[in-house]
Amino acid sequence: MDPKITEVSHTFERFKASLLRNDFETSTSLLSQLKVLLTEFRSLPPLFEATPNAVHELTLARDIYEHAVVLSVKMEDQEAFERDFCQLKPYYTDARDRIPQSPQEYPILGLNLLRLLVQNRIAEFHTELELLSSAALESPCIKHAVELEQSFMEGAYNRVLSARQSVPHETYVHFMDLLAKTVRDEIAGCSEKAYDFLSLSDAKQMLMFSSDKDLQEYINEEHPEWEIKNGCVYFQKAKDYEPSKEIPSLLLINQTLSYARELERIV
């Protein structure tokens, strides 16, 4: 075997071992070494030279970048995720006919869709969706992200929150937690404008918490201005905005009638 491939393979095994035990410092260091070593393979994108070990090198590099994406999720580093996914994507597109398909392709593509949804990058979400094959669209991982986007756009927040219990891959949990927080913040913002107060049971049900303790922790961390007393959550303290001015309805009606008369004269 080529000495360069042997070196990369051994380093990769060390990287996977450190990732498995959640040793992020060692994993990050080894990943940097691997990315430098991969630059010596001319079979990789963007060159794609037909070297004797091209298939082995492409497969090895793809596996490394897939694990790099997983590392970024474990570290909760969305910038690293985007960077590593961009480096991985050519192996799913340009190298599709050169190497066998990876079993991690659809889970990672679905994970990227979920990241775009969490970041509210809906246009990019649909752009990425349009680029997927019909086979990819049938994957449970892709379907999960698509159903979440539909529920989010419809305002069916209960379906979004409950979807965490049925994630198709363990790496999805982090982004599902971020999405759940976004949804809860949206519900909380609407609730404090629509109600003066809610009972604890109603607030817990509306925000999809399973216990009073979880609701209490959420209020303490995100909405300390709310007040809990007598078994209710009071929003009055959050309503410190000035009352809106009255709409000058008569003036608007007169102006509209005036415009209508002028249009009638013109016709």
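The values are calculated or read from the model by the stated rules, or taken from the named source; none is laboratory data. Note that the structure is a prediction, hence the values are computed from the model and not measured. Neighbour counts are summed over all protein chains in view; Cβ atoms, including those assigned to glycine, are modelled from backbone coordinates with ideal geometry. Heavy atoms of the whole protein, side chains included, go into the accessibility calculation; ligands, DNA and RNA do not. Shrake-Rupley method; radii C 1.70, N 1.55, O 1.52, S 1.80 Å.
General observations
- Residue satisfying condition, being open to solvent by less than 20 Å² (accessible area, probe 1.4 Å) and under 26 Å from residue 77 (Cα atoms), within set 215, 179, 198: 179
- Number of positions in region 168-202 that are β-branched (Val, Ile, Thr) and either closer than 15 Å to residue 117 by Cα or touching a Ser or Thr at 6+ places or on another chain (Cβ under 8 Å) (or both): 3
- Within region 16-49, restricting attention to residues that are among the hydroxyl-bearing types (Ser, Thr, Tyr) and farther than 22 Å from residue 86 by Cα, the residue that is surrounded by the fewest Cβ atoms within 10 Å (Cβ to Cβ) is 26.
- Residue within region 86-94 that is open to solvent by 70 Å² or more (accessible area, probe 1.4 Å) and more than 30 Å from residue 37 (Cβ to Cβ) present: no
- Annotation note: Cβ proximity below 9 Å between a residue of region 145-165 that is open to solvent by less than 60 Å² (accessible area, probe 1.4 Å) and a residue that is part of a loop (DSSP other than H, G, I, E, B) and at pLDDT 85 or above (sequence gap 6+ or interchain) occurs for 161/207.
- Just one of the listed residues (235, 209) is modelled with pLDDT under 90, open to solvent by less than 50 Å² (accessible area, probe 1.4 Å) and farther than 18 Å from residue 183 by Cβ, and it is 235.
- Verdict on residue 98 being among the basic types (Lys, Arg), out of contact with any Phe, Trp or Tyr (no Cβ under 8 Å at 6 or more places or on another chain) and either under 17 Å from residue 169 (Cα atoms) or open to solvent by 50 Å² or more (accessible area, probe 1.4 Å) (or both): no
- Tally, over region 183-204, of residues that are under 13 Å from residue 222 (Cβ atoms) and not small (Gly, Ala, Ser): 6
- Matching residues, region 140-182, being within 24 Å of residue 204 (Cβ to Cβ) and not in a helix (DSSP H, G or I): 155, 156, 167
- The conditions of being surrounded by 13 or more Cβ atoms within 10 Å (Cβ to Cβ) and acidic (Asp, Glu) are not met by residue 13.
- Any hit, region 221-231, residues being surrounded by fewer than 16 Cβ atoms within 10 Å (Cβ to Cβ), touching a residue at least 24 places away in the same chain (Cβ under 8 Å) and of a type outside the set (Asp, Glu): yes
- Test for residue 130: is it among the acidic types (Asp, Glu), out of contact with any strand residue (DSSP E or B) (no Cβ under 7 Å at 6 or more places or on another chain), surrounded by 13 or more Cβ atoms within 10 Å (Cβ to Cβ) and at pLDDT 90 or above: no
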